[in-house]
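Read through the structure below, which is laid out as structure tokens, and then see the notes.
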Amino acid sequence: SVAFSPDGKTLATGSFDNTVRLWDIADRKTVATLTGHTGYVYSVAFSPDGKTLAIGSHDDTVRLWNVAGRLAVATLTGHTAGVWSVAFSPDGKTLATGSFDNTVRLWDIADRKTVATLTGHTAGVYSVAFSPDGKTLATGSSDDHSVKLWPTR
């Protein structure tokens with residue numbers, strides 16, 4: 001997985017070595033390696049303000065990192081299978097996570113708690129994306145051959 005920071009200066013890359021690397025785009029050099037996951041890293045996403053990085057992993061967790069301090073600030077647990085996709089809402093207050101457990105979770109970033117578990121897919125959820133106004137979440141599963149739209153408010 002790859003994601004640019006909102007200012008375009010940093011690239012985050014997820015890997016099968018269970019790490020995320022942060023790259024300085026101008027210098028084309030690694031500036032940090034984020035560790036802690038015990039499974040492959042499937043997805044990375046920067047918050048809209050660029051201060052937080054969400055990382056979804058095969059170890060069934062999502063970790064939130066303070067980008068500037070290079071510090072893990074939270075581990076979100078609740079999925080019962082690997083987390084394939086992560087996406088922040090446009091206002092940065094909510095994180096959506098899609099998992100091999102066939103569910104999507106919406107997390108309150110401030111409280112770091114699940115605020116909703118969306119069910120309806122019959123196979124793993126590989127992709128999640130918020131609409132630009134944040135009122136709709138799209139989720140996709142290539143295994144159940146569906147895309148679903150969910151109201152978020």
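Would you list, by chain and number, the lysines whose Cα falls below 20 Å from the Cα of K148, excluding same-chain residues fewer than 8 positions away?
List returned: K135.
Just the Kirkwood number for the chain, please: inverse of mean 1/r across all distinct Cα pairs, in Å, one decimal. It would help to have the intermediate numbers written out before the result.
Details: mean 1/r = 0.0657 Å⁻¹.
Here the Kirkwood hydrodynamic radius works out to 15.2 Å.
Which of the chymotrypsin sites (Phe, Trp or Tyr not before Pro) found in region 1-55 are loop residues per DSSP with 11 or fewer other Cβ atoms within 10 Å of their Cβ?
On the way: sites: F4, F16, W23, Y40, Y42, F46; in loops: F16, Y40.
Here the chymotrypsin sites (Phe, Trp or Tyr not before Pro) that fit, given the DSSP loop and packing criteria, are F16.
Would you mind calculating the relative contact order of the chain from Cα pairs under 8 angstrom and at least 6 residues apart, reporting the percent as a whole number?
With pairs under 8 Å counted, the relative contact order is 13 percent.
Every number in this text was worked out from the coordinates using simple rules, so none of it is lab data. Bear in mind the structure is a predicted one, so any value in this text is a computation, not a measurement. When we count neighbours, we look across all protein chains shown, and the Cβ atoms used for this are built from the backbone with ideal geometry, even at glycine.
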